[in-house]
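Worksheet: the structure to be examined is printed underneath.
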Amino acid sequence: AVKGHSLRLLGQGVRPALDLPKIRRNALIEIVPISMGCLNRCTYCKTKHARGDLVSYKPESIVARVQSVINQGVREIWMSSEDTGAYGKDIGVPLPQMLHSVVDVLPEGIML
């Protein structure tokens, strides 16, 4: 336990839910993870040991998170991952397709 909170170690291939509550440092910006891990192809890198194999979030989950945080007043969405270019290779969804899904639901004035 850290400061009275319990921690759970997730196994490889398990994605934490995108709808977990969070405290933002900036109420107008949300950082949305699109995947975790990597393809394990860089011989010099230790990410593969720390984060494991690539596990991408489904576009529907990302879109739902984006819509949820916009309703909470967020005006800027940052997408993040350890290996952004590899997004979707494990679930068969290309990165541009996921991005189009997100852009389709963005109201005017929201930055991606």
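Taken together, the values in this text are just the output of simple stated rules run on the coordinates, not laboratory data. Just so it is clear, the model here is predicted, and its values are computed rather than measured. When we count neighbours, we look across all protein chains shown, and the Cβ atoms used for this are built from the backbone with ideal geometry, even at glycine.
Remarks
- Within the chain, percent of DSSP bridges classed antiparallel, to nearest 5: 30
- Between 65, 75, 25, the Gaussian network model of the chain with springs among Cα atoms under 10 angstrom shows the greatest mean-square fluctuation at 25.
- For residue 31, nonlocal amide neighbours, meaning residues 5 or more places apart or on other chains whose placed amide H falls under 5 Å from its own, are 78.
- Per-residue 3J(HN,Hα) values for segment 95-101, derived from phi via the Karplus relation 6.51 cos²θ - 1.76 cosθ + 1.60 with θ = phi - 60°, read 3, x, 5, 5, 4, 4, 4 Hz in sequence order (x marks Gly and Pro).
- Where chymotrypsin sites (Phe, Trp or Tyr not before Pro) fall in DSSP loop in segment 19-112, at most 15 other Cβ within 10 Å: 44
- With K and R counted +1 and D and E -1, the other residues having a Cβ less than 15 Å from that of residue 69 yield a net charge of +2.
- Per residue of the chain, the DSSP helices (runs of n ≥ 4 H) give a summed -39500 (n - 2.57) that works out to -7500 deg cm²/dmol at 222 nm.
- Here Kirkwood radius over Cα pairs in Å was computed from the coordinates, and among (1) 15.3; (2) 14.3; (3) 13.9 the match is (1).
- Estimated vicinal HN-Hα couplings, Hz - segment 58-71 in sequence order (Karplus 6.51, -1.76, 1.60; Gly, Pro = x): 5, x, 4, 5, 5, 4, 4, 5, 4, 4, 4, 6, 5, 5
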